[in-house]
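This report refers to the structure that appears directly beneath it.
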Amino acid sequence: MSADDEHSAVPEFSWGDAEIPDDATVQYGDGSGNEDYRTCSTCGGDCEPEPAGVDGLGARVAFVCPEHGLHSIVDPFADRR
């Protein structure tokens, strides 16, 4: 493995490993009604949410179009960091 490969590899993530604060709330979207973060820019389809994360950076949600691949990555706890 080269040094570049070592830094670009994303460790496997499981929601069971995530530390979620007791006062966390579940919210769909950012409240603005804009759901571009989960709408594929190529086909306009709805992207599927998948867990993603990096050690030391916390949980992220990747939105992946079944046809076109990764569309966006969202940090659901950005306002708490």
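Pop out the ³J(HN,Hα) list for the stretch 49-59 in order, Karplus 6.51 cos²θ - 1.76 cosθ + 1.60 with θ = phi - 60°, rounded to Hz; leave Gly and Pro as x.
With coefficients 6.51, -1.76 and 1.60, one gets x, 9, x, 8, x, 9, 3, x, 10, x, 6 Hz.
Can you sort 80, 38 so the residue with the fewest Cβ neighbours within 10 Å comes first? Let's see the in-between values first.
Working: 80 10, 38 19.
Neighbour counts put them in this order, fewest first: 80, 38.
Counting pairs of Cα atoms in the stretch 36-81, how many percent are more than 14 Å apart? Intermediate values should be presented prior to the final figure.
Details: 480 of 1035 pairs.
Every Cα pair in the stretch 36-81 considered, those over 14 Å come to 46 percent.
No value in this document is a laboratory result; all are computed from the given coordinates. Keep in mind it's a predicted model, so treat the numbers as computed, not measured. Here the Cβ is made from the backbone with ideal geometry for all residues, glycine too, and neighbour counts use every protein chain on show.
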